[in-house]
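To keep things clear, I will list the structure first and then write my remarks on it.
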């Protein structure tokens, strides 16, 4: 009987572990997006298109449904050319949605000799890797919330992609049922709050962080924005959804008192804390697995400006 009990526990442990996303998987995704071959993923370049197709491949691997039409690629116009956002849906037990997003474009290359590629490992290959990791975590699970995963393009040129996709009427059914959007922006390093911790921009505008932290597992925490004076809440793709009065915040780990890699050629995989990222992604997934429309319905207060 003891052997049978041990075997049962062993199988349970293996099954439980199998639900987690591996550090190797996180490394592969981020390293591909931030590779020299992607040449900084600037919108309007073939490499930017390659990044969009790679993200679409990740969505297909996770059996996500199309958000609209017959492709994960959602086109919009950029200077007379076709650029793409990437969007996929995971159906849950209810028609209430949670959204997960980040931007995959970066600023290309510089004219300097030597290393002239702005790889954008932290900004924002890390954000895309995080949402792809969450999709990985839920590949074989059915959460209470349905989920929409959106990789934005053109953030570096004025949040062009997020503005375009929020205006897409084909997605109104999702937007009308979108409880909250988690926008991941620069999550590759350890935050000033330590490991397994993020901060939320605009934390003073809603109770999303409080509700999330009540359900958070394994010490994961969402902290107040330590850089509130910089008004980051209004400077990332989440603001395109704020204008639709959808709860939408950006989540980051960047320690702006130390970071020197922002929009610098040094923003490559050498600065990435893959173990911390993996821990955050898996604990985020485990926390999301506890959230239901009954226990997670964040609201804005009267401090937020929607225009």
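Read the figures in this text as sums done on the coordinates, not as results from a lab. Quick caveat, the model's predicted, so the values are computed rather than measured. Using ideal geometry, Cβ is built from the backbone for each residue, glycine included, and neighbour counts are taken over all protein chains shown.
With only the Cα atoms considered, region 23-288 has a convex hull volume of 121 Å³ per residue.
A Förster distance of 30 Å, applied to the separation of the beta-carbon atoms of residue 301 and residue 53, puts the FRET efficiency at 0.15. Of the two radii for region 175-307, the radius of gyration is 0.96 times the Kirkwood radius, both from the alpha carbons; that is the Rg over Rh value.
Backbone N atoms of region 166-189 closer than 17 Å to the 7 Å Cα→Cβ label point of residue 65 belong to residues 170-179. Taking other Cβ atoms within 10 Å as a rough exposure proxy, 113, 250, 35, 22 sort from fewest to most as 113, 22, 35, 250. When each of 201, 68 is scored by the number of other beta-carbon atoms lying within 10 Å, the sequence from fewest to most is 68, 201.
Sorting 154-161, 103-110 by their mean Cβ neighbour count within 10 Å, with the most densely packed peptide first, gives 103-110, 154-161. The share of alpha-carbon pairs in region 101-196 lying farther apart than 23 Å comes to 38%.
FRET efficiency for the residue 290 to residue 95 pair, using the beta carbon distance and R₀ = 30 Å, is estimated at 0.95. Measuring max minus min along each principal axis, the C-alpha atoms of region 17-85 give extents of 47, 31, 10 Å (largest first). If the segment from residue 82 to residue 265 were pulled out straight at 0.36 nm per residue, it would be longer than the present Cα-Cα gap by 63.2 nm. Legend: ranking of residues 97, 175 from fewest to most surrounding C-beta atoms inside 10 Å; resulting order 175, 97.
How far is the Cα center of region 21-50 from the Cα center of region 236-292, in Å? Each part reduced to its Cα centre gives a spacing of 16 Å.
For the Cα trace of region 197-242, dividing Rg by the Kirkwood Rh returns an Rg/Rh value of 0.99. Put a dot 7 Å past the Cα of residue 231, heading toward its Cβ, do the same for residue 111, and the two dots end up 3.2 nm apart. Using alpha-carbon positions, what is the distance between the centroids of region 112-187 and region 197-232, in Å? Centre-to-centre distance over Cα atoms comes out at 18 Å.
Using C-alpha pairs under 8 Å with a sequence gap of at least 6, the mean separation divided by the residue count of region 139-238 gives a relative contact order of 27 percent.
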